[in-house]
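Below is one structure; the comments refer to it alone.
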Amino acid sequence: MKNCPIGVFDSGLGGLTAVREIKRIMPGEDIIYFGDTGRVPYGNRSRETIIRYTKEDIEFLLRHDIKLIIAACGTASSVALPKLYDKYDIKIMGVLEGACKEAVSVTRNKRVGVIGTAGTVKSGKYAELINSLDPNVQVFSNACPMFVPLVENGYSESRAAELIANDYLLPLKNEKVDTLILGCTHYPLLTKVISDIMGDEVTLLSPGALAAQEAKAYLEKENLLSDKKQGVSEFYVSDSVDDFAQLGSTFLGETINTSVHLTEVFEQ
Ligand code: DGL
């Protein structure tokens, strides 16, 4: 069991921000990644559709002999996981817990901002969890529906990204948040643009990276950390393999040189 892979999924490329951190802090782990690139984005879809897609993503990963699943998607974690946790025997971690714990511990003025997809913000789950950890923290949220297409199309550091980000972030800046959760795993790719607008004094949190740290703590506790020196990653997508390999390398911070497999099991 120890040397079984960790399964990670996202609607597309964003979950690679979690994979990047897993590889950094747990280099011996094998990873099976599924990016549902044929159906991205999830964030503006109905609750029922997000739940169905998330269920299918989990069931795809369960075809492999894995020891843990990380839903490295803010939308799946906040909209679908509360409905699905109990349905499977395997441990499934979302990205909210790590980010909310960290936000509560680093905020000095108890004003925390959350940005995410429309589905994530509408679910109110980040605010709910933060307030269950510390009821004195005020949470200010804003949906940023244009961020995912900007990132998925390689426009992360463009003038367009700056203009759109300015619009989305100004209300949170005006609320004087000192901590901002980038509540969608795609958003860390926009860190430069976001940080230029929010200023250096605002701490930006990446839920994918924090979920990887939570996963490490869980595997340590359960004595399930791999004892291999170097793990292997395998990638599966539901649309263009070449696009994923090319853009995915930016998310991962290294070239994806293992093969990316196309899976055609999902209806559009
Ligand atoms: N990475 C997903 C998330 O964290 C992207 C959202 C989407 O597919 O709209 O929410």
Taking the alpha-carbon centre of each part, the distance from region 120-152 to region 2-36 in Å is 23 Å
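Neighbouring Cβ atoms within 10 Å as the yardstick, rank 9, 235 fewest first.
Numbers: 9 25, 235 22.
In order of increasing Cβ crowding within 10 Å: 235, 9.
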Please give, to one decimal in nm, the separation of the simple spin-label points placed at residue 132 and residue 195, each 7 Å out from Cα toward the Cβ. 3.2 nm
Measure up 122/216; 67/216; 2/101 against 19 Å on the Cα-Cα distance and list the ones that go over. 122/216; 2/101
Highest to lowest packing among 100-106, 36-42, 70-76, scored as the average C-beta count within 10 Å: 70-76, 36-42, 100-106
Per DSSP helix of 4 or more residues, -39500 (n - 2.57); summed, then divided by the residues of the chain. What does that give at 222 nm, rounded to the nearest 500? -12500 deg cm²/dmol
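Would you kindly state how much longer the chain becomes between residue 65 and residue 157 on full extension, computed as 0.36 nm times their sequence separation minus their alpha carbon distance, in nm to one decimal?
Working: separation 92, 0.36 × 92 = 33.12 nm, distance 3.84 nm.
In short, 29.3 nm is gained.
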Taking only Cα atoms, what is the 0 to 90° angle, nearest 10, from helix 207-221's long axis to the longest principal axis of the chain? 50 degrees
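Beyond 32 Å, what percent of the Cα pairs of the chain remain? Each step should come with its number before you reach the end.
Details: 6101 of 35778 pairs.
Looking at the chain, the distances longer than 32 Å represent 17 percent of pairs.
Classify region 37-125 as rounded, prolate or oblate, taking a ≥ b ≥ c as the square roots of the eigenvalues of its Cα gyration tensor: rounded when a/c is under 1.5, otherwise prolate if a/b is larger than b/c and oblate if not.
On the way: a/c = 2.44, a/b = 1.46, b/c = 1.67.
Taking the square roots of the gyration eigenvalues as a ≥ b ≥ c, region 37-125 is oblate.
Return one quarter of the surface area of the convex hull spanned by the alpha-carbon atoms of region 1-151, equal to its mean projected area, in nm².
Working: hull surface 37.1 nm².
About 9.3 nm², averaged over all directions.
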Fewest-first ranking of 214, 264, 29, 59, using other Cβ atoms within 10 Å as the exposure measure: 264, 59, 214, 29
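If R₀ is 35 angstrom, what is the calculated FRET efficiency for the pair residue 83 and residue 216, using the beta carbon separation as r and rounding to 0.05?
Working: r = 26 Å, r/R0 = 0.76.
Using R0 = 35 Å, I get an efficiency of 0.85.
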Given axes a ≥ b ≥ c from the Cα gyration tensor, I'd like to know whether region 154-268 is rounded (a/c under 1.5), prolate (a/b larger than b/c) or oblate. oblate
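Decide, for region 151-211, between rounded, prolate and oblate: order the square roots of the alpha carbon gyration tensor eigenvalues as a ≥ b ≥ c, take rounded if a/c falls under 1.5, and otherwise choose prolate if a/b is larger than b/c, else oblate. Before the final figure, lay out each step's value.
Details: a/c = 1.99, a/b = 1.08, b/c = 1.83.
It comes out oblate by the Cα gyration axes.
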Between the Cα axis of helix 96-106 and the main Cα principal axis of the chain, the angle (0 to 90°, nearest 10) is 40 degrees
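Bear in mind these aren't lab numbers, they're just calculated from the coordinates by the rules spelled out. Just so we're clear, the structure is a prediction, and the values are computed from it rather than from any experiment. Cβ coordinates were reconstructed from backbone atoms using ideal geometry, including for glycine residues, and neighbour counts include every protein chain displayed.
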